[in-house]
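Coordinate-derived values only; no laboratory data. Everything quoted here is computed from the prediction, not taken from an experiment. Neighbour counts run over all protein chains shown; Cβ positions are idealised from the backbone, glycine included.
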Amino acid sequence: MGQLLRQRIPETWTVARFGGDEFVAIGSEPADFHGLINAELRLGEHGDLQIAQSLSIGVTTLPANQPNLGSDLFREAAAALRFAKRLGKHQVMEMTDELRSLEESKVQLGGRAGAAVEAGEVVPWAQTIVDLKNGDIVGMELLARWEQPDGSMIMSGTFVPVIEDQGRGPALGMVMITKAVEALASPQLRNRSTFITVNISARHLYHRRLPAEILALLGHHNVAPDRLILEITESQHLPSSPIWQETALQLRTLGIGLAMDDFGTGYSSMEQLLEVPFTHVKVDRVVTQALDRPGTTELASAISAMARGSGMTTIVEGIETSRQLTAMRHAGYRLGPGYFFHRPEPLGEVISRAMGAERPDTSPIDR
């Protein structure tokens, strides 16, 4: 890699190896980074061993009349490199004002997000899951919300990735699992068959004690294991490993449900469906929202049929209109949440109000 850089980067530039697989180049004249990204990296012959490689490049610039703030250059280049990797790899990403704003907000958020879990600032909200045939409420999806001092809420899509990057995802996962089990043991839900789904990071499956911790929690509250379903998020972080496969099998042996989250997006695959003993497939809202596109209805039906044929229950997200409800029912989907039924609310309010009746106050089936 060093040889390639010396060949492709102007001689006036300083080139160095910065880390295990990171290199740095600093210079004051133009360099063809797009040509570099497409250059062939010759790795030599290694018999039958095939070595795959791709380059990602982060670039930042400093005006000539500005003091040389070396640390800022390194920080911005590293941030641009992270964006390049996050957005698909094998590309050149140049730092812009928009990316600077995103990076600064992430840094500010990261300084507070880690402590928010321990401080109890991350609170459970929930959205009901209904039987699409008759509108009966059969379960709830637990959602994490970060409660701010002014009463506002930060959505999980904003702060959970930051917590995951800090390695605190398993801690957050156990907090939400505990809240779910406590809710299932509440007087309103104790004698019902209602289930609760909880998002956990795929990385959490590498914790060998996870099944034992959940089993102890269920036993303490006298809750049946099949009323808890773990939604596995970030499934792209599930490389083949006996560790997570063993953990998944133990969870299933205990009777705990496993759902593949966001099926239909870029990282979900048939291979993961076969390797992990999923009981549920949660189809991403992109399928529901794209019904006007040719072939989407057929695709939705095919996914539903595939899941049913494998013995899995389908949950379809994002139902917001009666047309979407009708289409998803005809496609064979059994369960689903959506604004058409209920919007997310604090967990306690969902339990006391929405779960007080067997179906929503205004049944979407009867509208």
What percentages, rounded to whole numbers, describe P(r) for the range 2-95 computed over all alpha carbon pairs with 5 Å bin width beginning at zero?
-> 3, 12, 21, 26, 19, 10, 5, 3, 1, 1, 0
Rounded to the nearest 0.05, FRET efficiency between ASP136 and GLN91 (Cβ-Cβ, R0 45 Å) equals 0.40
The range 256-345: which GluC sites (Glu not before Pro) are DSSP loop and have at most 15 other beta-carbon atoms within 10 angstrom?
-> GLU320
Efficiency of FRET between GLN188 and THR12 - r from beta-carbon atoms, R0 51 angstrom, step 0.05 = 0.10
Reachable aspartates and glutamates, given that their alpha-carbon falls under 12 Å from the alpha-carbon of LYS133 and they are not under 8 places away in the same chain | ASP366
When all C-alpha to C-alpha distances in the range 171-223 are sorted into bins of 10 Å, what percent of pairs does each bin hold, rounded to whole numbers?
-> 24, 54, 21, 2
Counting alpha carbon pairs within less than 8 Å and at least 6 residues apart, what relative contact order, in whole percent, applies to the chain?
-> 13
Taking only Cα atoms, what is the 0 to 90° angle, nearest 10, from helix 210-221's long axis to the longest principal axis of the chain?
-> 30
Using alpha-carbon coordinates alone, the radius of gyration and Dmax of the range 116-208 in Å work out to 14.5, 43
Can you list the aspartates and glutamates whose alpha carbon sits under 19 Å from that of LYS282, skipping same-chain ones fewer than 8 residues off?
-> ASP131, ASP136, GLU141, ASP226, GLU231, GLU234, ASP261, ASP262, GLU271, GLU298, GLU317, GLU320
Go through 331-338, 344-351 and give me the packing order, highest mean Cβ count within 10 Å leading.
-> 331-338, 344-351
How large is the convex hull of the Cα atoms of the chain per residue, expressed in Å³ as a whole number?
-> 191
Cα axis of helix 242-253 to longest principal axis of the chain: angle in degrees, 0 to 90, nearest 10?
-> 10
Determine the percent antiparallel among the DSSP beta bridges restricted to the range 121-356, to the nearest 5.
-> 40
